[in-house]
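The values are calculated or read from the model by the stated rules, or taken from the named source; none is laboratory data. Keep in mind that what you see is a predicted model, and the values were worked out from it rather than measured. Here Cβ is always computed from backbone atoms with ideal geometry, including for glycine, and neighbour counts include all displayed protein chains.
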Amino acid sequence: ASPHVITDFTGDPPTLLGCYAKVFSKAWGYAAAFVALWALVDRTLKAAGFGDDICGFKRGTWALKASMLAHHGLITPLAILGIVQDPALWETFACFGCAAAAPRMNRDALPPLAARALAPVTLGYFIGDLLLLSQWNLTKAGSVENGLMLFHHIASLLVWPAAIYFDWVARYVVVMLSYEFTGIWLTVIWMLGAARMKGSPAYVASGLIFTLSFVVLRMVGAVPQLLAMWRAPPWAPEVERAASPGGIHPLCWLFSSSLVAPHLLNLFWGVKVVKGFAAVICPKSKTGGAGGKKDA
């Protein structure tokens, strides 16, 4: 691993191989830190008298959720601050993806410092989370969601380094980092549900915050981004050449096109989120009447 210096994201000449070498040299340290945090929480729970299972789930799964909560809590406020302080990002949301702001989302006069500071940390978290795959709550019922999460992690590990290294669409990465706000509440909901507290005021309140934040941040917030992509498509050869006559990198069109994927995933998850919260608020009995209770 190399020191995480936010000004050190260049190579001469810049290549995709150099891109991954540079960014992952910074991310591996954070991956090790995340796994170490998980091990510390797991050992602490064991020392506190908890067995291999806690409320029917592996102790390691609880430790992983607690470590995820710590990561989300660190990254979220910094990513939101990065959006507020970045003129191009702020303008994009203020003018709803207008034509003046759209090209600046691809590349502005200066690279977004928030992406350089925070993305390697989150890439390290993705690596650590994948290394701890055995501690995921892998069930048949959640196979689709787990499969999508695997796809999300691997795709991010492939695409984000190039966005930061070549300073092309890195601002979209900052927005994705801010989405971790919903991850905080999703983790809290899992913990409360696993602790058999479904239906409690805390569970309902957490579900409400999660649902509202998911809809506002990930779904409504997607509209200015999609409009900006439509007005200045980062995958279009003419847009790429206008920013850099020699091109950005050989897979720029493919990696830039993948920016649409998170919004498709959010649409899939968004429908499930709203339906899940509605099931908690308006539970149905087995006979179809109101007043019964059903797991969300």
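Residue by residue, here is whether (1) surrounded by fewer than 23 Cβ atoms within 10 Å (Cβ to Cβ); (2) under 30 Å from Ala243 (Cα atoms) holds:
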position	(1), (2)
Trp136	yes, no
Ser143	yes, no
Leu148	yes, no
Ser156	yes, yes
Ile164	no, yes
Arg171	no, yes
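Scanning segment 194-211 for residues that are within 22 Å of His71 (Cβ to Cβ) and either surrounded by fewer than 19 Cβ atoms within 10 Å (Cβ to Cβ) or of a type in the set (Phe, Trp, Tyr) (or both) gives Ala194, Ala195, Ala202, Ile209, Phe210. Mind listing whichever residues of segment 84-114 are among the aliphatic types (A, V, I, L, M) and in contact (Cβ under 8 Å) with a residue 60 or more places away in the chain? Result: Ala88, Leu89, Ala99, Ala101, Ala102, Met105, Leu113, Ala114. Note on segment 169-255: enclosed helices (runs of 4 or more DSSP H) holding 2 or more residues that are in contact (Cβ under 8 Å) with a residue 40 or more places away in the chain and over 22 Å from Leu89 (Cα atoms) are 180-194, 201-213. Taking the listed residues Leu89, Leu78, the one that is modelled with pLDDT of 95 or more, of a type outside the set (Lys, Arg), assigned to a helix (DSSP H, G or I) and closer than 19 Å to Gly183 by Cα is Leu78, with no other qualifying. Is it the case that Lys22 is in contact with a His (Cβ under 8 Å, 6 or more places away or on another chain) and either closer than 17 Å to Trp160 by Cα or among the hydroxyl-bearing types (Ser, Thr, Tyr) (or both)? No: the conditions fail for Lys22.
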